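Heads up, the thing below is written out as structure tokens.
None of the figures in this text is laboratory data; all of them are computed from the coordinates on show. Not measured: the values here are computed from a predicted model. Every residue, glycine as well, gets a Cβ built from its backbone with ideal geometry; the counts of neighbours run over all protein chains shown.
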Amino acid sequence: MGIPIEGAEVLTGIDGGVLTITLNRPLAHNAVNSAMSRAIAEAVDLFDADDSLAVGILTGTGASFCSGMDLKSFLRGERPEAAGRGFGGFTQQPPRKPIIAAVEGYALAGGFELVLACDLVVASEKAQFGLPEVRRGLIAGSGGLTRFGTRVPPQIAMEYVLTGKNMSAAEAHRWGLVNRVAPVGQSLAVAQTLAHEISQNAPLALRESKKILTESPDWTVAERWSKQRESLEVIFATRDAAEGATAFAEKRAPVWEGS
């Protein structure tokens, strides 16, 4: 079962509270064109709106996660963006809920920018990440340059950006960019296990926790306390907060309502 979206460029599947979004242009190494961008944006919109879904996975069919922008489409005048969500329907405004990148093969240029817009990364041991734009007279202007240096030490990001060379899965794991390294062909399975583990937790608490973790680096010291307090007041007033405390006292698994 999946979320109904137009076109075959993107596939979706739902398993419990986990939505999998699959880039589906394997003959083009899942290069992103305008149709794929719109389809991803539509899937993300529906993911955010569906209270039964707690965690997402972004992956690709075939041997590569995503090779970036479809240059042939670009030369025809297409722009692989979706209004409000940016490149790939994703990088400017990722979903509010946690999402995991499951990477096989290459995640290059815009493909790596999609990965950097995800919250967690599971990569096969042969996966490769890179921003080779400088080798083509371009820049990684869809989040690559602004996010890479927040996920690994800035000087490490600088070296990879200025040389345009690839980063291996082992190196990415060493620097903390990749959470888990999987055997070849198993990144999606490992990501699904992680997603289901996360989805056992309260959905509103997951969403608010992600919000604070991602937004707080831009907050002032005063805002860090005031905005956390705002989120706490929202969470304290939910039925799920009461359910969590009750379930703990009764020594049973909680039953979340998402409210």
ask   = In whole Å, what are the Cα extents of the chain along the three principal axes, biggest one first?
value = 58, 43, 36
remark   = HN-Hα couplings for the range 17-33 via Karplus (6.51, -1.76, 1.60; θ = phi - 60°), in whole Hz with x for Gly/Pro, come out as x, 10, 9, 10, 10, 10, 5, 10, 10, x, 5, 9, 6, 6, 4, 8, 10
message = Only Cα pairs within less than 10 Å get springs; with that Gaussian network setup on the chain, which residue of 43, 54, 63 has the largest fluctuation?
response = 63
Principal axis box of the range 150-259, alpha-carbon based, largest edge first, Å = 54, 41, 18
For residue 99, distant residues with modelled amide H under 5 Å away = 56, 119, 120
query = How long is the range 72-198 along each principal axis, judged by its Cα atoms, biggest number first, in Å?
reply = 41, 31, 25
task = Return the distance in nm (one decimal) between the two label points of a simple spin-label model at residue 75 and residue 220, each offset 7 Å from Cα along Cα→Cβ.
result = 5.2 nm
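Under the rule of -39500 (n - 2.57) per DSSP H run of 4 or more residues, summed and divided by the residues of the chain, what mean residue ellipticity at 222 nm is obtained, to the nearest 500 deg cm²/dmol?
It lands at -12000 deg cm²/dmol.
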query = For the range 186-228 and the range 94-135, what is the separation of their C-alpha centers, rounded to whole Å?
reply = 18 Å
task = Taking only Cα atoms and a 10 Å spring cutoff, compute GNM fluctuations for the chain and point out the largest among 53, 19, 138.
result = 138
note = Counting only DSSP loop positions in the range 194-259, the GluC sites (Glu not before Pro) whose Cβ has at most 16 other Cβ atoms within 10 Å are 257
request  = Provide the packing ranking of 71-77, 117-123, i.e. peptides ordered by the mean count of other C-beta atoms within 10 Å per residue, highest first.
outcome  = 117-123, 71-77
key: Relative contact order of the chain, defined on C-alpha pairs under 8 angstrom at six or more residues apart (%)   = 15 percent
Per-residue ³J(HN,Hα) for the range 103-116, Karplus 6.51 cos²θ - 1.76 cosθ + 1.60, θ = phi - 60°, Hz, x for Gly and Pro = 10, 10, x, 8, 10, 10, 6, x, x, 5, 5, 4, 4, 5
note = Taking Cα atoms, the helix 34-49 axis meets the longest principal axis of the chain at an angle in degrees (rounded to 10) of 10 degrees
inquiry  = For the chain, take the longest principal axis of its alpha carbons; what is the angle in degrees between that and the long axis of helix 239-250, to the nearest 10 within 0 to 90?
reply    = 60 degrees
key: Cβ-defined net charge surrounding residue 128, 12 Å radius [Lys, Arg +1; Asp, Glu -1]   = -1
